[in-house]
Amino acid sequence: MRLVKNFLWNAGYQLFIIIIPLITIPYVTRVLGPTGVGVNAYTNSIVQYFALIAGLGINIYGTREVAYTRNNRKLLSNTFWSLVFLRFITTLIVVFFYVLFIFKTSQYQIYYWAQIFVLLSIGFDISWFFQGIEEFRITVLRNTLVKLFSLVLIFVFVKTKSDTLLYIIILSMSQLFGFMTLWPYLRNRIDAPWKCSINIWAKLKPSIILLIPQIATQVYLQLNKTMLGIYDGVASAGFYDNSDKIIKMLLAIVTATGTVMLPYVSNSFSKGDKEAVNRALSISMHIILVLAIPLAFGISSVSSAFTQVFFGPGFSEVGKLMSIESVVVILIGISNAIGVQYLLPTQQTSEYTISVIGGSILNVVLNFPLIYFFNTIGAVISTVISELFVTVYQLKVVRNQVDVGALFKESGKYFCAALGMFVCVRLISQHLMISISALLIESLAGVAIYSIVLFALRPQILIGYIKSMRKRRE
């Protein structure tokens, strides 16, 4: 039951952080314009490279190690403080080199200074600790309050194109403030650092090992924007960023299971409960597929109208990008279940790393010709192909460990229901003027149609999960 509550907390938060940008994006894109949005996207893509190094692989590694040791307060405290001090050191070193970078660059220098708070926040990020002990309520509530606070600041202070700098400062400082508010909740959960046996160097190597796949993952997130900014201008980087931002926000609902399952599976694995590990993967995969498939079809069906309503004039390119990129919702959903929820908790880090690095290399290789010939659309196509590689490789790795066929047993029913939804939503849209109310009608109709068709097809596994949850409540 605790697992279900954690999933609901995390899924609820992911829905919340989807709603917030849906409120701010129409306002920000109209106020700052393509150039202002592009400057933020481009400079943030650069600072994220530094942030990645500063954080090492501690978010994933820390969550896993805390899950392993959470039943032993002494070991838990030793693990926590070792990782915290290690991150403080790496953050300070990276900030030093970032400042050198700013002094050596001439373009967008003031915006890079505004982004420095993103780097500083890395040193104070201990969200991985609360995820490891499966206390998702704490991080969700604090992050929600911080998001609401930054939302108010944006609407109060960001008024014209000249406020791009202020917009970046609000975003970066709110991230720092959000992480700092988690520290008071450590009270009575761990021992003081002077009572612990701290071994920073013992944690360095495994953190770096998990940093490697995160560097590769960051390529997916940032390289396309960086290359578009260099070869096609910051406006193109802004178009891609807006498309990617919407896709990744919706994807967060699908991958919410990963954040919850990682500590649960890690703890089960440390106890030698392989049956619980495989059962968790099966449940997670079916939840992911039943959400990801209709989301991909739904995004594609309303992408053009959504872009006109929420981004306004000058952003029509985003609609085309969203329609193509929607495929990655399914691909990343599957690779999240296999990679983050199975390979990492079961200490198959090398297999996970190879898959992500392979996708990263493929992304880099494809980016040059595809961006050159097709600009932003080329960047999206490169992303889709790379994610397909990661998913296929990970499935190949686990094919002898789990019943892969059983994981996708009823996905055909999900596809049929989603396709029916797609056709109906497209037909409905032809009779409605493009507006927020029309988008709301289409979205609600899509959810209703998908649900009706899906349950008419009687997905036995999904129905079985629902019945078992009802019995537990009773």
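Taken over the stretch 410-434, the criterion of being surrounded by 17 or more Cβ atoms within 10 Å (Cβ to Cβ) and not in a helix (DSSP H, G or I) is satisfied by Glu410 alone. Just to be sure before I move on: is Lys147 under 23 Å from the mean Cα position of the chain (by Cα) and either part of a helix (DSSP H, G or I) or not hydrophobic (A, V, I, L, M, F, W, C) (or both) in the structure I sent? So Lys147 fits the description; yes.
For the structure I just gave you, tell me whether Ile102 is aliphatic (A, V, I, L, M), at negative phi and without any contact (Cβ under 8 Å) to a residue 60 or more places away in the chain. Criteria met by Ile102. Just the residues that are surrounded by 21 or more Cβ atoms within 10 Å (Cβ to Cβ) and either of a type in the set (A, V, I, L, M) or modelled with pLDDT of 80 or more (or both), please, taken from the stretch 23-37. Selection gives Val28, Leu32, Gly36, Val37.
Kindly indicate the residue of the stretch 156-185 that is touching a residue at least 24 places away in the same chain (Cβ under 8 Å) and exposed (fewer than 14 other Cβ atoms within 10 Å of the Cβ) and also nearest to Gln131 (Cα to Cα) among those meeting that condition. Ranking the qualifying residues of the stretch 156-185, first place goes to Trp183.
Taking the criterion of being over 16 Å from Phe177 (Cα atoms), out of contact with any Phe, Trp or Tyr (no Cβ under 9 Å at 6 or more places or on another chain) and modelled with pLDDT of 90 or more, the residues of the stretch 105-134 that qualify are Ile110, Trp113. For the stretch 191-289, the helices (runs of 4 or more DSSP H) that sit wholly inside it and include 2 or more residues that are modelled with pLDDT of 75 or more and farther than 29 Å from Gln107 by Cα are 200-218, 234-254. All told, Val380 falls short of being in contact (Cβ under 8 Å) with a residue 60 or more places away in the chain and in a loop (DSSP other than H, G, I, E, B).
Determine if the stretch 337-348 includes at least one residue that is within 30 Å of Met227 (Cα to Cα), surrounded by 15 or more Cβ atoms within 10 Å (Cβ to Cβ) and out of contact with any Leu (no Cβ under 7 Å at 6 or more places or on another chain). The answer is yes; a qualifying residue exists. Could you tell me which residue of the stretch 309-339 is modelled with the lowest pLDDT, considering only residues that are more than 24 Å from Ala448 (Cα to Cα) and polar (S, T, N, Q)? Checked the stretch 309-339; the qualifying residue modelled with the lowest pLDDT is Ser316.
Would you confirm, using the coordinates I've provided, whether Thr63 is farther than 30 Å from Gly229 by Cα, at pLDDT 80 or above and surrounded by 19 or more Cβ atoms within 10 Å (Cβ to Cβ)? In short, yes.
Evaluate the following for Thr353: is it surrounded by 18 or more Cβ atoms within 10 Å (Cβ to Cβ), out of contact with any strand residue (DSSP E or B) (no Cβ under 9 Å at 6 or more places or on another chain), assigned to a helix (DSSP H, G or I) and modelled with pLDDT under 85? Criteria not met by Thr353.
The selection criterion, being in a helix (DSSP H, G or I), under 23 Å from Ile338 (Cβ atoms), modelled with pLDDT of 85 or more and not hydroxyl-bearing (Ser, Thr, Tyr), holds for Leu395. For the stretch 108-144, the candidate set comprises residues that are part of a loop (DSSP other than H, G, I, E, B) and of a type in the set (Val, Ile, Thr); within that set, the residue that is farthest from Thr43 (Cα to Cα) is Ile133.
Determine whether the stretch 161-178 contains at least one residue that is at pLDDT 85 or above, of a type outside the set (D, E, K, R), under 18 Å from the mean Cα position of the chain (by Cα) and in a loop (DSSP other than H, G, I, E, B). Checked the stretch 161-178: no residue is at pLDDT 85 or above, of a type outside the set (D, E, K, R), under 18 Å from the mean Cα position of the chain (by Cα) and in a loop (DSSP other than H, G, I, E, B).
The values are calculated or read from the model by the stated rules, or taken from the named source; none is laboratory data. Values in this document were obtained by computation on a predicted structure and should not be read as measured data. Ideal geometry is used to build each Cβ from the backbone, glycine not excepted, and the neighbour counts take in all protein chains shown.
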